Amino acid sequence: MNLMNVDGYHAKIDYVEETDQFRGEILGLSGGADFYGASPEELRREFKKSLDVFLEVCKEQGIEPRRHYSGKFNLRIPPELHEKLAMTAEAQGKSLNSLAQEALQRSVSE
């Protein structure tokens, strides 16, 4: 995944063949904000502009710009996988939650 960072905000970058440009979508916002550019420099400049406009609108409307995350989510998996994970966690002397958290942390650290 291609990510770009500006002022502590992250955006996913994709190439749009139809327009021969890159499109960025700012992640983790309480609303939507995107931007386009033909070069990395233009993309970064447009990211900053789009972010500034989004933050200004949030300020004017009294909206928290970043999405709130509770730290909880439901995960639906096949019962067979659930059983294997539970046994693996028990064998390692861990909770299923700890085992899952470690695996998820590895997936974002790579």
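Each reported figure results from applying straightforward, stated rules to the coordinates on display, with no laboratory input. Remember, it's a predicted structure, so these values are computed and weren't measured experimentally. Note that each Cβ is placed from the backbone with ideal geometry, even for glycine, and that neighbours are counted across all protein chains shown.
Taking the criterion of being exposed (fewer than 10 other Cβ atoms within 10 Å of the Cβ) and part of a loop (DSSP other than H, G, I, E, B), the residues of the range 69-103 that qualify are Tyr69, Ser70, Gly71, Lys72, Phe73, Asn74, Leu75, Arg76, Pro78, Gly93. All conditions in (1) in contact with a strand residue (DSSP E or B) (Cβ under 8 Å, 6 or more places away or on another chain); (2) without any contact (Cβ under 8 Å) to a residue 24 or more places away in the chain hold for Ser30, with the sole exception of (2). Of all residues in the range 23-68, those that are in a helix (DSSP H, G or I), among the aliphatic types (A, V, I, L, M) and over 25 Å from Asn2 (Cα atoms) total 1.
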